[in-house]
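Just below is one structure, and these are the notes that go with it.
The values are calculated or read from the model by the stated rules, or taken from the named source; none is laboratory data. Predicted model only: the values in this text are computed from it and were never measured. Because the Cβ atoms are built from the backbone with ideal geometry, glycine has one as well, and the counts that use them run over all protein chains shown. Accessible surface areas use protein heavy atoms only, side chains included; no ligands, DNA or RNA. Shrake-Rupley method; radii C 1.70, N 1.55, O 1.52, S 1.80 Å.
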Amino acid sequence: MSTSSSVTTNGYQSVIKSKEFEHKICGMNQQVINYLRQYKINVTNAETFFTPIINKLNQRIHSVYNNNINNINNNGTNNNENNLNVINIGYSFGNVGSTFYVNNLDLNNNDIIICFILDSLDIDSKMITAVNIHSNKVIAKENSKVWGLLYKFNCSP
């Protein structure tokens, strides 16, 4: 599990409970569910498995917010820490009982956090999109813009 945060297990629960984030929960896109179900079956490298999803989401968010996507490297982290325009996005992948993988998840510094929670029933698999209420890059009146942008988005490779 890759992490750069104080959140290591059940990352989504920390996000939901945090008073620093507003969040929306929606059903997960079926293609994403199908892709994520492959993780436990035949994956030996978590970073390689989750990076394509992270990249698609980063590109979608940064393209809409007109941030410099060239400063985002292949694993979704910021290549230029001095670039104040880059939205800091954290990720958590898992199920209700455990977290499989986190990337750049830091409740103190993320502007947006996206959590994927698999369930044994596809209809109960969820995606949580949380926006930091103190972010100066994603202001509160734009939260619905973020949620609309990511609602059931097919970020599967």
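What number goes with the only condition from (1) under 17 Å from residue 58 (Cβ atoms); (2) more than 13 Å from the chain's Cα centre (by Cα) that residue 139 does not pass?
So the condition that residue 139 fails would be (1).
Of the numbered conditions (1) open to solvent by less than 50 Å² (accessible area, probe 1.4 Å); (2) in contact (Cβ under 8 Å) with a residue 60 or more places away in the chain; (3) hydrophobic (A, V, I, L, M, F, W, C), residue 133 satisfies every one except a single condition; which is it?
If we test residue 133 against (1) open to solvent by less than 50 Å² (accessible area, probe 1.4 Å); (2) in contact (Cβ under 8 Å) with a residue 60 or more places away in the chain; (3) hydrophobic (A, V, I, L, M, F, W, C), just (1) comes out false.
Of the numbered conditions (1) part of a helix (DSSP H, G or I); (2) modelled with pLDDT under 70, residue 80 fails exactly one; give the number of that condition.
(1)
Within region 29-48, can you find the residues that are more than 17 Å from residue 127 (Cβ to Cβ) and surrounded by 12 or more Cβ atoms within 10 Å (Cβ to Cβ)?
43, 46, 47
Which residue pairs have Cβ atoms closer than 9 Å, lie 6 or more positions apart in sequence or on different chains, and pair a first residue in region 29-53 that is touching a residue at least 60 places away in the same chain (Cβ under 8 Å) with a second residue that is small (Gly, Ala, Ser) and open to solvent by 20 Å² or more (accessible area, probe 1.4 Å)?
That search, which allows pairs on different chains as well, returns 39/46.
State all residues of region 88-126 that are assigned to a loop (DSSP other than H, G, I, E, B), aliphatic (A, V, I, L, M) and open to solvent by 20 Å² or more (accessible area, probe 1.4 Å); if no residue qualifies, say none.
Listed by number, the residues that qualify are 96, 107, 121.
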